[in-house]
């Protein structure tokens, strides 16, 4: 089987983690990396033994030896980066959120379909075996009739508010950075059509440092979700039903473990009846997403069933809805 040649756009922490994961994917080769900084691209190439490095995204887009492009730049840059590589005819995986708003997201999806190339918003959570097991337990009726989700993802990074996540003109804030995780998780478990959305946020200097939002579904199901970049939270997921619950702990957005607890077990605290799925993984865990992308690409598919493009757009529209309720708008919303 031939090597599949990947190109990486951006040399920050998330691109580093993705490159680490790619080391565990058979027949995957990182053939090029691009950064706006020549020294940054060179250092990244040396670290991962990458033969070509570019200080221009436009130059890398001319490299016809590449097949799949991974984009790990900050999300205000996603639209420009994605459109460049889609226009050049590459398969593209772009980190979440795909765009700052639904308008950008819709244009990127339309371009991918026009060019007839594979395209994915890199919601890596959905590719982990433990997360897939959690979805199966919920959808199969193992927990009975699903009733409630409580999900939290928050960390305190407020020690240095000069970074882009705290800058309004960089579309900073918790919702787009980490709030998208509990939102996308809930859509995977309960569907993407809540009847009512309620929300509140703490906004400082034009950025939501933390927020909470609630989805109410027409059949009575409820999801209560919180996230933050300026507050440490008890990161976990609880999904309760009439027969039991599914539990994901710290690091649930890249899980190696999930538990099913029958209600009797949960009431008494006795653990022997619990069903535990535990699959440790090496490195960053990005290999699950990367392996799936490479397989779908070679099969000629244009999107991943774990994260369909239509659902990506629904998530983007919900992010818009939540922000407008606060309200919090970015310059991209006026374009």
- Query: If each of residue 198 and residue 110 carries a label point 7 Å out from its Cα toward its Cβ, how far apart are those two points in nm?
  - Reply: 3.7
- Note on the structure: With 0.36 nm assigned to each residue of separation and the Cα-Cα distance removed, residue 217 to residue 49 gains 55.5 nm
- Considering only DSSP beta bridges whose two residues both sit in the chain, what percent are antiparallel, to the nearest 5? 55
- If you take the square roots of the eigenvalues of the alpha-carbon gyration tensor of the range 111-163 and sort them as a ≥ b ≥ c, do you get rounded (a/c under 1.5), prolate (a/b over b/c) or oblate? oblate
- In a GNM of the chain with a 10 Å cut-off on Cα contacts, which of 182, 51, 74 has the highest mean-square fluctuation? 51
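Suppose R0 equals 35 Å; then what is the FRET efficiency for residue 298 and residue 39 from their Cβ-Cβ distance, rounded to the nearest 0.05?
On the way: r = 34 Å, r/R0 = 0.98.
FRET efficiency, residue 298 to residue 39: 0.55.
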- So what is the calculated 222 nm ellipticity per residue for the chain, using -39500 (n - 2.57) for each DSSP H run with n of 4 or more, over all residues, to the nearest 500 deg cm²/dmol? -9500 deg cm²/dmol
- Message: At a 10 angstrom cut-off on C-beta neighbours, averaged per residue, how do the peptides 196-209, 167-180, 227-240 rank from highest to lowest?
- Response: 167-180, 227-240, 196-209
- Item | Relative contact order computed over the range 188-276 (Cα-Cα under 8 Å; 6+ residues apart), in percent | 15
- Note on the structure: Rounded to the nearest Å, the spacing of the alpha-carbon centers of the range 82-120 and the range 135-170 is 24
- Task: Rank 298, 98, 183 by mean-square fluctuation in a GNM of the chain with C-alpha springs under 10 angstrom and give only the top-ranked residue.
- Result: 298
- Message: So for the chain, averaging the separation of alpha carbon pairs under 8 Å that are six or more residues apart and normalising by length, what relative contact order in percent results?
- Response: 19
- Query: Between residue 310 and residue 29, what length in nm is gained on full extension when 0.36 nm per residue of separation is reduced by their alpha carbon distance?
  - Reply: 98.2 nm
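Coordinate-derived values only; no laboratory data. Owing to the predicted nature of the structure, the values given are computational and were not obtained by experimental measurement. All Cβ positions, even for glycine, are placed from backbone atoms using ideal geometry, and neighbour counts span all protein chains on display.
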